[in-house]
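One structure is given here, and the rest of the page talks about it.
No lab work stands behind these numbers, since they all come straight from the coordinates. Small disclaimer: the values here were computed from a predicted structure and weren't measured. Every residue, glycine among them, receives a Cβ derived from its backbone with ideal geometry; neighbour counts consider all protein chains shown.
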C-alpha cells in the first residue's frame, strides 16, 4: 500500500512539474535582437538570461568579475588596481550582505534570470570559459553598483584634488518633444548615451513581454534590468550631469596611532577590513581598508587622512528602482520610482503616451550644513560638517511640460535646455544645480537650434536630428578664413592655399562620410589650437573682426593642416569616411559625424587615430533610440555600433556596423508581436520551472 502511494506521489510530482513549467519563447528578429514572450516576469527574466548568454556569455561572466574585483586572479597583475578599487567601495561585500533585504519579487526575477544563464551554460559547456565565476544572485546587485559608481567616485577624486568640476569619460544626448510640436500627434523621446563601444558599457538590446513587463531598450549585460528604453506607457533617457552627491572629509589622525582619528575632541578607532587580491601567476596582494564613520580612507598625507563619503556606499536599491521605473504606467508612478533616489547623478528625461515630458536632475544628494564649501574637502573632526539627511526629489532641479514644448540636455546646464529655460542657477543651491551658469557645448547648442526650428516634427525629422552631423560654428570659421585671406598681406601664401580655401568654402558644414571638406576642417581646427596668438572661439562665434595676428594664425594653421594631410594621405581631398571608421573583427566601414576639432556633432563618435592614420571609433552613440509614444502603439527605432552578437561567426557580429551605423540609419524595433510578424529569423522555445 505504501509503495503504491509513493508511486502515485512520484507520478503526481512529475505531472505537476510539467504542468507548472512556464513556456518561454525567444523570437530573434532579422537583426538577431531577442523578443522574449512569457506569462510572468520571472519567465521573461529566464529567457533574457538565456538570450544574453547565447550572444555574449564571456562578457557577461567578465562583468561579474569586474564588479566583484576578481579580474587579477584570472587575467593577471594589470588588474590589481582595478580590483582594489572595487574592493575599496565594497561591491561584493555590500551586495552579499544585503541581498536578502531586496523585495521578494526582485530576488525572484534575478534568480530566474541567472537560472536562464546557467541552463544555457549547462546546455553549451563548450562555450563556458575555464575562468567562469560561480554564478550567484548578489552579482546582479554588485554589477548595478559597479556601473553607477563611476559617477560618485569621479566626483570624489575631483574634490580630492580641490576641483569644483568633474570630467567624466561619458557624454550623451537626450531630448523630448510634446505632441503639439510633432506631426505624429504624440510625444517623441531621444535616448542617446555616448559611452564606450566595448566591455561592460556596451549594454544589451532586447524586447520583453511577460507579466507586468513590456519593455524595449538596452540593459546591463549580466542583469535582468532595462537601463534606458521604454514600456507600453512611458520611457526615459539619461545623460551625465547632475547634483554633487559625494564629499571628502579631512580626518585628523592620531600621530601616535594611525588607526585613530579625532572627532569632537576625542580619538576614535578606525574600522579595518583586510582585502586579499589573488593574482594569476603571482603571489596574492594583501591590503587593508581603513574606515572612519564618514567612509573609507582614500589617501593619507602625514597626520591627515581623506575619507570618501557617498550616500551610495551601503546601498543596494538601484535594481529595485530600475524595476519600478520599468513597470511604471504613468508619470506619477515614474516619479515615485525616481523619488527612491538610487540613480547616480544624471539628467533623466521622460515622455509618455499622455503627452507629458518631464526632466529631473537626479541623484542621491546629501543635505549639507551651511557655512562650508563642500566642493572641496571639509573638516571631519567636528559634527558641524555632518550631513543632515538626503534631499527628497522635490528639492532637485526638475521641469514638467515646458511651455516651448520641448527640452534637451546634451551634458549642459539646465539653463540651456531650451530657449528661455526657467531652470536658472539662482533658484537652487550650487551643489544641487551642479553646473556653472550658462554651461553649454556644441551638441546642446545644435539641439536647441534644431528643436526650436522644428515646429511640427515628423519621424523622419526626429531621426535626422538624432543623427545630425553639422559641425559647430562651421559657417563662422569659414567666414573667418575668408576674412583672413582677404586681409592678409602675404598674397603668395594665400595663393598657395587656394585649393584648401576653395575646398572649405564649398563644404556644406556637415561631417559626412563622403565629404573631403570635413576632413580638412577637422585637421584645420586641431591646428588652430596649436598656434598663437590664441583665437577665442566665442569671438569667432560672435563674428568679431580678426586682428592681423589672428588672421595670419588662421592661415598658418591651414597651411599646417594641408601639410599634415599631404604627409599622412598623399593628397588634400580625402573623404571623411575614408579616415573615420567603425571597426570590428578586422573589417571597417565609413562613419559620419564625430569630433570636429572643436566639439562633437550631435551624431557623436569619439575616435583614436592609429598607425594607419585612420580615426577608429571607440566611443559615442551606442544605444541610440527614437521613441514615438502613440497610445496603444508605442513605436521605436534603434541601432548600436556593432551588432547583437559577440560571436565572430555570427551574421549579427557586424551587421549593424555595416548596414545601419555606417549608413546613419536606425532599425524598427517591432515592439509588439504583430509588428514582428514577417521579421522573425529564428524561434527558441524554453521551459522555465
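Overview of values
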read-out: Nearest-ten-degree value, helix 474-487 long axis tilted from longest Cα axis of the chain; value: 20 degrees
read-out: Segment 171-214 shape via C-alpha gyration tensor axes, a/c threshold 1.5; value: oblate
read-out: For the chain, convex hull volume per residue from C-alpha positions, Å³; value: 201 Å³
read-out: Near-label residues of segment 39-79 by backbone N, under 18 Å of a point 7 Å along Cα→Cβ of residue 287; value: 65-79
read-out: Cα-projected label distance for residue 608 with residue 75, points at 7 Å along beta-carbon direction, nm; value: 1.4 nm
read-out: Estimated distance in nm for a label pair at residue 339 and residue 482, the labels positioned 7 Å out from Cα along Cα-to-Cβ; value: 5.7 nm
read-out: Extent along principal axes [Cα atoms of segment 247-309; Å; largest to smallest]; value: 47, 27, 19
read-out: Gain upon complete extension [residue 101, residue 367; 0.36 nm per residue less C-alpha separation]; value: 93.2 nm
read-out: Percent breakdown of C-alpha pair distances by 5 Å bin, ordered from the shortest bin, for segment 406-565; value: 1, 8, 15, 17, 16, 13, 12, 9, 6, 2, 1, 0
read-out: Two-site FRET efficiency, residue 23 against residue 212, from Cβ-Cβ distance with R₀ of 22 Å, rounded to 0.05; value: 0.75
read-out: Relative contact order [Cα under 8 Å, 6+ residues apart], segment 192-339, whole percent; value: 19 percent
read-out: Residues 98, 456 arranged by fewest to most Cβ contacts within 10 Å; value: 456, 98
read-out: For segment 478-535 versus segment 418-475, the gap between their alpha-carbon centres in whole angstrom; value: 27 Å
read-out: Neighbour-count ranking [beta-carbon atoms within 10 angstrom, fewest first] of 400, 666; value: 400, 666
read-out: Length-normalised contact order of the chain in % [C-alpha pairs under 8 Å, at least 6 apart]; value: 16 percent
read-out: Principal-axis tilt of helix 150-160 within the chain, Cα atoms, nearest 10 degrees; value: 60 degrees
read-out: Segment 368-403-segment 252-320 distance, computed between alpha-carbon centres (Å); value: 23 Å
read-out: Relative contact order of segment 247-309, pairs being alpha-carbon contacts under 8 Å that are 6 or more residues apart, as %; value: 35 percent
read-out: Residue exposure sequence - 74, 378, 365 - by fewest surrounding Cβ within 10 Å; value: 74, 378, 365
read-out: Segment residue 128-residue 268, extension gain: residue separation times 0.36 nm, minus the distance between their alpha carbons; value: 45.5 nm
read-out: Mean ellipticity per residue at 222 nm, deg cm²/dmol - from DSSP H runs of n ≥ 4 across the chain, formula -39500 (n - 2.57); value: -10000 deg cm²/dmol
read-out: Förster radius 56 Å - calculated FRET efficiency between residue 587 and residue 108, Cβ distance, rounded to 0.05; value: 0.85
read-out: In nm, spacing of pseudo-spin labels at residue 199 and residue 452 (7 Å Cα→C-beta vector); value: 3.9 nm
read-out: Residue 506-residue 58 FRET efficiency (beta carbon distance; Förster radius 56 Å; 0.05 resolution); value: 0.70
read-out: Rounded, prolate or oblate (a/c below 1.5 giving rounded, otherwise prolate when a/b exceeds b/c) for segment 87-149 by Cα gyration tensor; value: oblate
read-out: Helix 318-327 axis, angle to the chain major axis (alpha carbon atoms, nearest 10°); value: 90 degrees
read-out: Theoretical gain in end-to-end length, residue 254 to residue 493 [0.36 nm per residue, Cα-Cα removed]; value: 79.2 nm
read-out: Prolate/oblate/rounded label for segment 102-250 (Cα gyration tensor, a/c 1.5); value: oblate
